[in-house]
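What follows is a set of notes on a single structure, which appears directly below.
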Amino acid sequence: MTAQLDDRLTVLVVDDDDVLRAVLVRAFDARGFSASGAKDTESALALAKDEPPEYAVVDLRLGGESGLALVAALLREEPETRVVVLTGYGSIATAVEATKLGAVNYLTKPADVDDILRALQGDASLGVDAEAEVPSLARIEWEHIHRVLADVGGNVSEAARRLKIHRRSLQRKLSKHAPP
C-alpha cells in the first residue's frame, strides 16, 4: 500500500445512502482515519485508483449495481485492502460470495462504526463473536417475511404470492409478535 503523508490509515466508505455515508465518513475521521466516501462503483474505483485504501466498507446494493462486483474490483486494484460488506438484507449466499471474493467480513445494518472497525480489524474468525446469540429460525422467518412485505409496499396478497404461501397463512404469521 502507498504510504500516507499524514500517516493515518485510509478508509473508503461506499454507500448510495448519502446520510449513512456522510455519518460513517465523519465517524471514521473522528477516530483518526483519513476517510472518504463514494456513492457508486465508478466514483469508488476512481478514488481507489488515486489512493488505494487500507480499509473499505462497501454496501451490498449500490443503486442498481451489486457491491460484490465492486469488492472484486477493489481487491484487483489493491489486494491488501481489507473490505467489509455492509447490507440491510443479509443472506448466507451473499455472505459466502462476499468472503469468496475476498471480503474479511459481512455485516447487516444497522451497524455502527465500532462494529465495522471490529469487523475490519478482526481475526480469521471473520468477526464472529463467541458470545453472540444465533437468531432462531422463527426470527429469521419473521425478518424475511417483513422484508418481502416491505419490498411490495405492504401488499399482503403480493407478499403471499412471492413467499409462495396462502394469504391467510401470511396474515396469521403477521398477527404474531416478533420472536426473540
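Things to note:
- Under the condition of being in a loop (DSSP other than H, G, I, E, B) and loosely packed, with under 13 Cβ neighbours inside 10 Å, the residues counted in the stretch 136-180 number 10.
- Being under 24 Å from His144 (Cα atoms) and outside the structural domain of Arg147 (by TED's automatic domain parsing) holds for only one residue in Val71, Val104, Val96, and it is Val96.
- Selection from the stretch 74-89 of residues that are touching a residue at least 24 places away in the same chain (Cβ under 8 Å) and not in a helix (DSSP H, G or I): Glu78, Glu80, Thr81, Arg82, Val83, Val84, Val85, Leu86, Thr87, Gly88, Tyr89
- Residue in the stretch 93-103 that is modelled with pLDDT under 90, under 14 Å from Ile116 (Cβ atoms) and in contact with a Lys or Arg (Cβ under 8 Å, 6 or more places away or on another chain) present: no
- Residues in the stretch 29-42 that are in contact with a strand residue (DSSP E or B) (Cβ under 8 Å, 6 or more places away or on another chain) and either of a type in the set (Asp, Glu) or within 16 Å of Asp18 (Cα to Cα) (or both): Asp29, Ala35, Ser36, Gly37, Ala38, Lys39, Asp40, Thr41.
- Close pairs from the stretch 38-60: first in contact (Cβ under 8 Å) with a residue 12 or more places away in the chain, partner of a type in the set (S, T, N, Q), Cβ under 6 Å, at least 6 apart: Leu47/Ser36; Pro53/Thr10; Pro53/Thr81; Glu54/Thr10; Ala56/Thr81; Leu60/Thr87
The values are calculated or read from the model by the stated rules, or taken from the named source; none is laboratory data. Treat the numbers as computed from the prediction; the structure is a model and nothing was measured. Virtual Cβ from ideal backbone geometry, glycine too; neighbours counted across all protein chains shown.
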